[in-house]
Each structure stands twice: as C-alpha cells, then as structure tokens.
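So the structure is just underneath, and the comments pick up after that.
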Amino acid sequence: MTPVRVGVLGCADIARRRVLPAMAATEGVEIAAIAGRDAARARELAARFGARPVHGYAELLDRDDVDAVYVPLPAALHEAWTETALHAGKHVLAEKPLTTDPAATRRLMTLAERSGRVLMENVMFVHHPQHAAVGKLVADGAIGEVRAFHAAFAIPALPEDDIRYRADLGGGALWDTGVYPVRAALYHVGEGLRVVGATLARGPARTVDTAGAALLSGPGGVSVQLTFGLDHAYRSSYAIWGSEGRVTVDRAFTPPADLAPQVLLERRSGTERIVLPAADQVARTVAAFVEAVRTGGRPDPSSVRQAELLREIRERAET
C-alpha cells in the first residue's frame, strides 16, 4: 500500500502531543515533512518523526512529495493556509474551528469538492464510538422522546502567553471550547437548531471571551443548553433528557485512549452504568482522514452548520 504522505504546517502543541504520534502509529501514513517559521523548532520536531524539516509553510506546499497537509495553526490562520493548500493540490486536515466565518467555511468546502480534494475539520470526539452507542440507546427508546440536551466543556485557566487569549489569532472560549458542545448538539439533536439566546464574558484584563453559554431550540421543541469556558474547573460532559429517562456521558470530548467510557442511564426502573470499550479518538480521526483521501470522501456539512451556529451565538451575545 502506497502511504499517504503528510506535511505539517506548524509545530503546535496539539501536533506534538496528540496528532503526530497518532499519525506515526497509523498504517498507511508517512509524516513526510514538517514546516515551521522557526527553523530550529521544525528540525527538532521533524527529527522525532523521521520527517524532513522545512523552513516556511509555502515551501512545504510546493513539495511534490507531500499528498496532504495537517494544519494545527492558530484559528485565525486556518482559512488562508487551508485555501492555499487546496490550490496547491493537497488534501487538508485542519484544526477546529476550520474558520471563524461561515461564508469562508462554505467557500473552502466548495473549493475542496470542486478540486477533488478532501477537507476535514479536526473535531476528533465525533470519531469516538461512545457517541454512536449513546445515539443508538436514544434511537431504541431507552429514554423515551427527547426533551432536552445539555452539554458543557470548560478547562482551567491557561498560561498567560497562550494563543487562545489573543484576539488577533482567533482566540476565545467560543472558538476553542465552544465548538465541542455545539458539535455535540448537532450530532445528537440534529441540524434544525436555532439560537434563542447567548452570553459571552471576558475575564479580568482579557481581550477575548473566556466564558459563555447559549440556549438553542431544536426540532420538535427540544431545548438545548450549552456552556463553555477557558478559566473553569474542568468539565467535559453532556446529557440527553427524555420523557422516560436520561443518559449522561462524562469525559465526553477528550477521553484518554485507554479510558473505558461509562454511560449513565437513569430510568424509573433504576440506574444502569454502561461500560463501553476504550477507543483512541485521535487515531480513529487520522484513520478516517486517510480513508477519505484514499476513497475520495466528501466534506462533512456539519462543519458548515457548526460555523453558522457559532457565528449566531456570537451575534446573539453581542446584541
């Protein structure tokens, strides 16, 4: 099998800690080159994975030994470099959010489809099988008719120089942690969501939002409550509340690869704790991207609807 040769634009922490180790362990993937603005950082990271160091992102995109690129750059840079990569004939796996503008997200998805290239937004949790298992429970009537969906993702305060505190780089809680509960609502409630109300708050001396919440309405009158933040006690969970019970998922968005997820199913007859098999959602995401490259997978429309909802939340919070 000829490997998919991947180039990496940047030496971000998520690439170092999670995505590059998963790529290195995935059959059919070759980490071909790693580019950085800092030549020394690119050399150091490339040496760890047996890749060629490249000084500059454009230089990497000019290489004919790279089939696809991974873009772990700050959010504000995703649009420009994803577009450049697509025009260079590369498949793209880009960190979330793909862009901070729905029109730009639609345009990039259209460009990818027209050029016959794969464009995948790196929302990894949707590739963990625990969510499909929860969806089947709900579809099988385990909690009756769905009445409400609650989701929260928040993390403790970051180092002062973290890029997620920089407005010019697309920082802020909405674009970072807010993506997760919004995408979870799309996954479980469906695309017919509309924003009813929202709030965004800034911590002391911050130029970006560090906390937020949104109230949405879903098909059939399902209520959706979402909470997210960058300076909270850690929380990563969602619950689906029905007419006859409730199902709760903890460690929903960033579970360790060796964690056996536990789903709590509460009904009048009693409470059941369902233990599911452990899974590596990072490795599964990489495998899904490689399979899409090999088979010509099409863009996921959920990325566009996600972008629209994030924009609607920001606009509603600012009015």
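The table that follows gives values for the structure above.
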read-out: ³J(HN,Hα), Karplus 6.51/-1.76/1.60, whole Hz, each residue of region 180-192, x for Gly, Pro; value: 5, x, 4, 5, 5, 5, 4, 5, 9, 9, x, 7, x
read-out: Structure-based [θ]222 nm, the chain - -39500 (n - 2.57) summed over DSSP H runs of at least 4, per residue, nearest 500; value: -10000 deg cm²/dmol
read-out: Convex hull projection area averaged over all views, region 46-124, Cα basis, nm²; value: 5.5 nm²
read-out: Debye-sum result for region 127-223 in log10 I(q)/I(0), which assumes one identical scatterer on each alpha carbon, at q = 0.22 Å⁻¹; value: -1.12
read-out: For region 150-159, 3J(HN,Hα) per residue [Karplus equation, 6.51 cos²θ - 1.76 cosθ + 1.60, θ = phi - 60°, Hz, x = Gly/Pro]; value: 10, 9, 9, 9, 8, 10, x, 4, 9, x
read-out: For region 88-212, accessible area per residue (1.4 Å probe, heavy atoms of protein chains only), Å²; value: 39 Å²
read-out: With Cα atoms, 0 to 90° folded angle of helix 129-139 axis to the chain main axis; value: 30 degrees
read-out: Taking region 218-258 and dividing mean pair separation by its residue count, relative contact order in percent (alpha carbons under 8 Å, at least six apart); value: 28 percent
read-out: Calculated P(r) of the chain - Cα pairs past 32 Å, %; value: 29 percent
read-out: Share of alpha-carbon pairs per 5 Å distance bin for region 79-168, given as whole %; value: 3, 10, 15, 14, 14, 14, 15, 10, 5, 1
read-out: Distance between region 240-299 and region 70-90 - C-alpha centres, whole angstrom; value: 29 Å
read-out: Residues with amide H under 5 Å from that of N122, placed H, sequence gap 5 or more; value: A94, E95, K96
read-out: Positive dipole terminus of the chain, leading residue within V138, P72, A167 (C-beta point charges); value: V138
read-out: Over region 1-155 - Rg/Rh using Cα atoms and the Kirkwood inverse-distance radius; value: 1.05
read-out: Per-residue HN-Hα couplings for region 64-69 [Karplus 6.51, -1.76, 1.60; θ = phi - 60°; Hz; x = Gly/Pro]; value: 8, 9, 10, 8, 9, 10
read-out: Helix axis angle, 102-115 relative to the chain longest principal axis, alpha carbon, degrees; value: 50 degrees
read-out: Residues of region 245-292: accessible area per residue with a 1.4 Å probe, Å²; value: 51 Å²
read-out: Region 177-218, relative contact order in percent, only Cα pairs under 8 angstrom and at least six apart counted; value: 38 percent
read-out: Electrostatic dipole magnitude of the chain [Cβ: Lys, Arg +1; Asp, Glu -1; Cα centre; debye, to 20]; value: 300 debye
read-out: Quotient of C-alpha Rg and 2.2 N^0.38 Å, computed over region 212-280; value: 1.29
read-out: The chain, accessible surface, carbon-and-sulfur percent (1.4 angstrom probe); value: 50 percent
read-out: Relative contact order %, the chain, counting alpha carbon pairs below 8 Å whose residues are six or more apart; value: 18 percent
read-out: Degrees separating the helix 39-48 axis from the principal Cα axis of the chain, which is the longest one; value: 70 degrees
read-out: Heavy-atom accessible area order for S243, S236, largest first, 1.4 Å probe; value: S243, S236
read-out: Cα-centred dipole magnitude for region 174-319, charges only on beta-carbon of K, R (+1) and D, E (-1), debye, nearest 20; value: 120 debye
read-out: Sites Q225 and T110 - FRET efficiency at Förster radius 45 Å, r taken between beta-carbons, to 0.05; value: 0.85
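The values are calculated or read from the model by the stated rules, or taken from the named source; none is laboratory data. Remember, predicted model here, so these are calculated numbers, not experimental data. Neighbour counts are summed over all protein chains in view; Cβ atoms, including those assigned to glycine, are modelled from backbone coordinates with ideal geometry. Note: accessible area is taken over every heavy atom of the protein model, side chains too, but ligands, DNA and RNA are not part of it. Shrake-Rupley method; radii C 1.70, N 1.55, O 1.52, S 1.80 Å.
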